[in-house]
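The structure appears right after this line, and notes come after that.
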Amino acid sequence: MKTNTTATHLKNVMPGIATGLNSDAATEISGDLHVLLADVFALYVKTKNFHWHMSGKHFRDYHLLLDEQATQIFAMTDDIAERARKLGGTTIRSISDISRHQRSKDNDAEFVAPLDMLVELRGDNQRLTRELRSTHELCERHNDVATASLIENWIDESERRTWFLSEIVADS
């Protein structure tokens, strides 16, 4: 797990500027958000990759679904990064920073069958839901209700994406 490597990024973390959280809480939560942001960017890129390379008899439906899901995933990124900064932490700086911290696996295959794409994205969204729940628990331990509130919405969104993908996969 790459979460511990973010400690080097957080040496100069200041207590949350506008949050009232102590420095330990701010450091721990912003560190989790740093890794979560890497995961979200990785999922966004994979979802767009599969959107761009979709083929087959359900092309239009799957293509549009993945575009909608990618847009939703990308919308999370700014909120995650800004919350980490509000807590006094840092956030990702580059593609290589994402690569160093993401927990999800990339897919660089030349061809992936449409059903395999959907199964893989379902698993990635399920993993993201678990990671979101873990960060939510951390926020609850530190009484960070603002970050927890944001995460609750993202959990609902990732569960919805998983549900849609599960229904399609089950029907195939």
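Computed quantities for the displayed model
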{"read-out": "Residue check, Asp61 open to solvent by 10 Å² or more (accessible area, probe 1.4 Å), assigned to a helix (DSSP H, G or I) and free of Cβ contacts under 8 Å to residues at least 24 places away in the same chain", "value": "yes"}
{"read-out": "Breaking point among (1) under 16 Å from the mean Cα position of the chain (by Cα); (2) surrounded by 13 or more Cβ atoms within 10 Å (Cβ to Cβ); (3) over 18 Å from Asp39 (Cβ atoms), for Phe164", "value": "(1)"}
{"read-out": "Thr91 open to solvent by less than 60 Å² (accessible area, probe 1.4 Å), more than 21 Å from Lys48 (Cα to Cα), among the β-branched types (Val, Ile, Thr) and in a helix (DSSP H, G or I)", "value": "no"}
{"read-out": "From Asp108, Asp24, Asp67, Asp124, residue being of a type outside the set (A, V, I, L, M, F, W, C) and either touching a Leu at 6+ places or on another chain (Cβ under 8 Å) or open to solvent by less than 50 Å² (accessible area, probe 1.4 Å) (or both)", "value": "Asp124"}
{"read-out": "Residue among Ala81, Ala75, Ala18 that is surrounded by fewer than 23 Cβ atoms within 10 Å (Cβ to Cβ), modelled with pLDDT under 95 and of a type in the set (A, V, I, L, M, F, W, C)", "value": "Ala18"}
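The values are calculated or read from the model by the stated rules, or taken from the named source; none is laboratory data. As the structure is a prediction and not an experimental result, all values here were calculated from the model. Virtual Cβ from ideal backbone geometry, glycine too; neighbours counted across all protein chains shown. Only protein heavy atoms, including side chains, enter the accessible area calculation; ligands, DNA and RNA are left aside. Shrake-Rupley method; radii C 1.70, N 1.55, O 1.52, S 1.80 Å.
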